[in-house]
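Scroll down for the structure; my scribbles are underneath it.
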Amino acid sequence: MASNKGGVTFAVIIILLVSVAFGYVLTSPTGGGLQKSNTPTKNTQYINLGADAAGWEYNYNTSDRNPVLNVNLSTTVYFNVTEMDGAPHNLYIAYDGSYSASAFAKYMSDLTTNPKSIEGSNNYKVLSTSEITQTIGHKTQGSFPFVGSSMVGIYTYWCSVHYETMVGLLIVNDTSGSASVASMHVYNGASPSHVNNQSTYSTHVSNVLVTMETAIKTVE
């Protein structure tokens, strides 16, 4: 009888361990390849975003959603996020690749046609849903340092809950001055997802590319 009890106890322990492991697999986040460096940066930049299921609101402006953000290398970016609509939100960033006009045009197109493809595994969770909360008006801050030449390139920022509507691009260029960099963005207008006509969209992307090139040359 004692041996039977021991066998039952052992079986229960095994079941519990398997259940815990299975639960961890279901709840553990994927990706996370982008690492946050402890190396000091020269610059500080603040970006204000309103968390709304319809799109990230730049400077909490409902008419300016999901902008392309421009950041200098060696800058710690502080994302100031305010909960706007009471829905759950989080904030991820992911490295997409090195910058070129053709790559930028492709990623801009992906924002419309297949945003999931650029919300990659090489990511970092800047803010969780529990940190942003679902309390309208709640403010929180997360940061990420873009330091080291390998950080230059194109990034995606998004909310994994509303990955089709709350998604935009962030460009890190290789200029690294010593002064604080003011919040700025390049893309100013409706979200790319709102541009349905292909010819209009192509013209729109061309205009954005020209603006991007001008902005990067200006800060250099």
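Only a single item in (1) among the charged types (D, E, K, R); (2) modelled with pLDDT of 50 or more; (3) more than 21 Å from residue 91 (Cα to Cα) is not met by residue 217, and it is number (2). Of all residues in the stretch 47-62, those satisfying the criterion of being part of a loop (DSSP other than H, G, I, E, B), surrounded by fewer than 22 Cβ atoms within 10 Å (Cβ to Cβ) and in contact (Cβ under 8 Å) with a residue 40 or more places away in the chain are 53, 54, 59.
Would a scan of the stretch 32-46 turn up a residue that is in contact with a helix residue (DSSP H, G or I) (Cβ under 9 Å, 6 or more places away or on another chain) and modelled with pLDDT of 95 or more? Checking the stretch 32-46: not a single residue is in contact with a helix residue (DSSP H, G or I) (Cβ under 9 Å, 6 or more places away or on another chain) and modelled with pLDDT of 95 or more.
Is it the case that some residue within the stretch 89-97 is buried (at least 19 other Cβ atoms within 10 Å of the Cβ) and part of a loop (DSSP other than H, G, I, E, B)? Yes, the stretch 89-97 contains at least one residue that is buried (at least 19 other Cβ atoms within 10 Å of the Cβ) and part of a loop (DSSP other than H, G, I, E, B). Scanning the stretch 102-153 for residues being in contact with a Gly (Cβ under 6 Å, 6 or more places away or on another chain), crowded, with 19+ Cβ neighbours inside 10 Å and aliphatic (A, V, I, L, M) gives a total of 2.
Applying a threshold of 8 Å to beta carbon distances and a minimum spacing of six or more residues, or different chains, the list of pairs starting in the stretch 124-141 at a residue that is at negative phi and ending at one that is buried (at least 17 other Cβ atoms within 10 Å of the Cβ) and modelled with pLDDT under 95 reads 124/34.
Residue by residue, here is whether (1) within 16 Å of residue 166 (Cβ to Cβ); (2) modelled with pLDDT of 95 or more; (3) of a type outside the set (Val, Ile, Thr) holds:
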position: 77; (1), (2), (3): no, yes, no
position: 92; (1), (2), (3): yes, yes, yes
position: 112; (1), (2), (3): yes, no, no
position: 130; (1), (2), (3): no, yes, yes
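The sole residue among 96, 110 that is among the charged types (D, E, K, R) and either touching a residue at least 40 places away in the same chain (Cβ under 8 Å) or under 23 Å from residue 46 (Cα atoms) (or both) is 96.
The values are calculated or read from the model by the stated rules, or taken from the named source; none is laboratory data. Not measured: the values here are computed from a predicted model. Every residue, glycine as well, gets a Cβ built from its backbone with ideal geometry; the counts of neighbours run over all protein chains shown.
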